[in-house]
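Trainee: Sharing a structure, written as structure tokens. Questions coming.
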Amino acid sequence: MPIDQLIPALVGATLFGVPAFLLIRLWLRALASRRWPIAEGRITRSAVSLSAGKKEQASVQLTYEYEVGGKTYRSDTVRFGDFLNFSKSDAYATVARFSVGQRVEVRHHPRRPERATLEAKVSGFLIMWVVICLGVLASMGLGLAKAGTEDKTPQKTPEVVESPEDPG
């Protein structure tokens with residue numbers, strides 16, 4: 001592969017491949033959390049944080065405590081992949097469901113109880129970003145495959161047949 005195709009391919013694979021890998025890992029963790037043990041927890045903070053800028057974005061500031069094996073843990077994961085959602089309406093809806101002091105079921109990783117979630121669901125935004133990253137990677141792969149199959153046989157140059165000069 002020529003260097004002028006290799007460098008953009010490596011940059012693209014890094015820009016979209018690494019996030020795709022990390023997002024798929026989150027997706028798999030969300031699916032696995034459906035089978036995690038449940039501990040009782042309590043909401044300790046529930047608020048919406050708004051960012052200033054051209055387009056106002058919102059994030060959920062929600063924390064909870066739970067106990068596993070006599071040790072108290074804190075977490076802020078409501079649903080895996082929710083950090084990708086900046087919608088004000090979604091943020092306020094999440095905060096409305098979880099008030100400070102409320103008792104909640106916390107799903108925690110069986111061997112790493114510091115990993116926890118309130119909802120064993122995959123965020124729609126997580127799925128959307130996985131599809132976008134994989135789509136871009138697939139398009140790049142198809143483009144590189146097409147570039148690699150182009151006819152690389154040297155073209156024959158037509159022979160020039162000289163005609164005898166006209167003496168006249």
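Trainee: So, G148, is that one modelled with pLDDT under 65 and either outside any loop (DSSP other than H, G, I, E, B) or hydrophobic (A, V, I, L, M, F, W, C) (or both) or not?
Mentor: Yes; evaluated as a whole, the condition is true for this residue.
Trainee: Here is a further query. Can you pull out every residue in the stretch 15-36 that is farther than 11 Å from V122 by Cα and either under 13 Å from the mean Cα position of the chain (by Cα) or of a type in the set (F, W, Y) (or both)?
Mentor: Across the stretch 15-36, the qualifying residues are L15, F16, G17, V18, P19, A20, F21, L22, R25, W36.
Trainee: Still on this structure, I have one more. Would you say A120 is loosely packed, with under 12 Cβ neighbours inside 10 Å, within 23 Å of the chain's Cα centre (by Cα) and either among the hydrophobic types (A, V, I, L, M, F, W, C) or more than 22 Å from I24 (Cβ to Cβ) (or both)?
Mentor: Numbers: loosely packed, with under 12 Cβ neighbours inside 10 Å: no; within 23 Å of the chain's Cα centre (by Cα): yes; either among the hydrophobic types (A, V, I, L, M, F, W, C) or more than 22 Å from I24 (Cβ to Cβ) (or both): yes.
No; evaluated as a whole, the condition is false for this residue.
Trainee: Here's another thing I want to ask about it. Only one of (1) closer than 21 Å to C133 by Cβ; (2) in contact with a strand residue (DSSP E or B) (Cβ under 8 Å, 6 or more places away or on another chain) fails for L28. Which number is that?
Mentor: The number of the failed condition is (2).
Trainee: I'm trying to understand the selection: among the residues of the stretch 84-117, which are crowded, with 18+ Cβ neighbours inside 10 Å, assigned to a helix (DSSP H, G or I) and of a type in the set (S, T, N, Q)?
Mentor: Answer for the stretch 84-117, where residues must be crowded, with 18+ Cβ neighbours inside 10 Å, assigned to a helix (DSSP H, G or I) and of a type in the set (S, T, N, Q): just T94.
Trainee: On to the next question. Name the residues in the stretch 25-81 that are surrounded by 14 or more Cβ atoms within 10 Å (Cβ to Cβ), of a type in the set (A, V, I, L, M) and farther than 12 Å from V95 by Cα, would you?
Mentor: L26, A30, A32, A39, V68
Trainee: Every residue in the stretch 52-69 that is part of a strand (DSSP E or B), in contact (Cβ under 8 Å) with a residue 24 or more places away in the chain and either on the phi > 0 side of the Ramachandran plot or not hydrophobic (A, V, I, L, M, F, W, C) (or both), please.
Mentor: Q57, S59, Y64, E65, Y66, E67
The values are calculated or read from the model by the stated rules, or taken from the named source; none is laboratory data. Quantities reported herein were computed from a predicted structural model and do not represent experimental measurements. Positions of Cβ are backbone-derived with ideal geometry, glycine not excepted, and every protein chain shown enters the neighbour counts.
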